[in-house]
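The values are calculated or read from the model by the stated rules, or taken from the named source; none is laboratory data. All values derive from a computational prediction rather than experimental measurement. So basically every Cβ, Gly included, is an ideal-geometry build from the backbone, and we count neighbours across all protein chains shown. The accessibility values were calculated without ligands, DNA or RNA, using every heavy atom of the protein model including side chains. Shrake-Rupley method; radii C 1.70, N 1.55, O 1.52, S 1.80 Å.
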Amino acid sequence: MSATPDAFEIGRRLAARHRSLEERPKEFELLGRSWDLLPGVFAPVWTTSTEVFSAWLPYPPGGSFLEIGSGTGVTAVMAALSGCAQVTAVDITEPAVRNTRLNTARHHVADRVRVLRGDLFDALGGDDRFDMIFWNSNVVEAPERFAYEDDIQPAIFDPGYAAHARYLRHGPRHLTEEGRLLLGFNSLGNLDRLNRLAAERGLRTVTRHSVSRRAGDFAVDFLLLEFLRFE
Ligand SMILES: C[S@@+](CC[C@H](N)C(=O)[O-])C[C@H]1O[C@@H](n2cnc3c(N)ncnc32)[C@H](O)[C@@H]1O
């Protein structure tokens, strides 16, 4: 019997799949709509995460929504189409930013979706506040010195969980008074470490939704998490 690969090895295989141009469509269907897909962008056709999180999110009606790591832009566009008045989509890679812009134009929501390139919250103004912040994050923990070699690896790997630590440190500062901080996570991630990082910031982790599905060839549990202040 062959050994089950560990999360890092599965992450490597998933990255190869998302990077490969073989069988990769230039367009895909999701949530009843057609979307552009550029090379070098996390592909919602090879995982269920984009679909389940975009469908589960309780988008604030008439409110403001920040998506960190927008990739193709599906979630940001769905937020705008679901009634958010202002959406900001941020991604760290140039192809993802371009892909998000293509899909906001394709679905006629460019007037209310601002697309920025940046590292987590760095491209925002210090006073920017949102009713909801969400990231379908790069859950696979990589060694601290792991250096990204392409545009896909940042979608899968977080060296030393440093980006998750910064998300929990800076995210709460960008929330409105009633604002909600959410994370799309899955069982390839280190939930114990995430919970410890949250606790260091005075936050507890609550699971809002979960489902067992597949990411590529692997069975994965997808979790929509929310971080709440300890009372
Ligand atoms: C798992 S993918 C999700 C993409 C898209 N939201 C979706 O659901 O299809 C994670 C995304 O986060 C982006 N990302 C990774 N680190 C980031 C950072 N520090 N700041 C902003 N975006 C980041 C990646 O480039 C990638 O597009």
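For the stretch 55-68, state whether one or more residues are in contact with a Lys or Arg (Cβ under 6 Å, 6 or more places away or on another chain) and either farther than 29 Å from Glu23 by Cβ or not acidic (Asp, Glu) (or both).
The answer is no, given that none of the residues of the stretch 55-68 is in contact with a Lys or Arg (Cβ under 6 Å, 6 or more places away or on another chain) and either farther than 29 Å from Glu23 by Cβ or not acidic (Asp, Glu) (or both).
Could you check the stretch 100-135 and list, in sequence order, the residues that are open to solvent by 60 Å² or more (accessible area, probe 1.4 Å) and under 18 Å from His164 (Cβ atoms)?
Asp122
Would you list the helices (runs of 4 or more DSSP H) that sit entirely within the stretch 136-231 and hold 2 or more residues that are touching a Ser or Thr at 6+ places or on another chain (Cβ under 9 Å) and open to solvent by 50 Å² or more (accessible area, probe 1.4 Å)?
Working: elements: 153-156, 162-170, 191-200.
Qualifying helices (runs of 4 or more DSSP H): 191-200.
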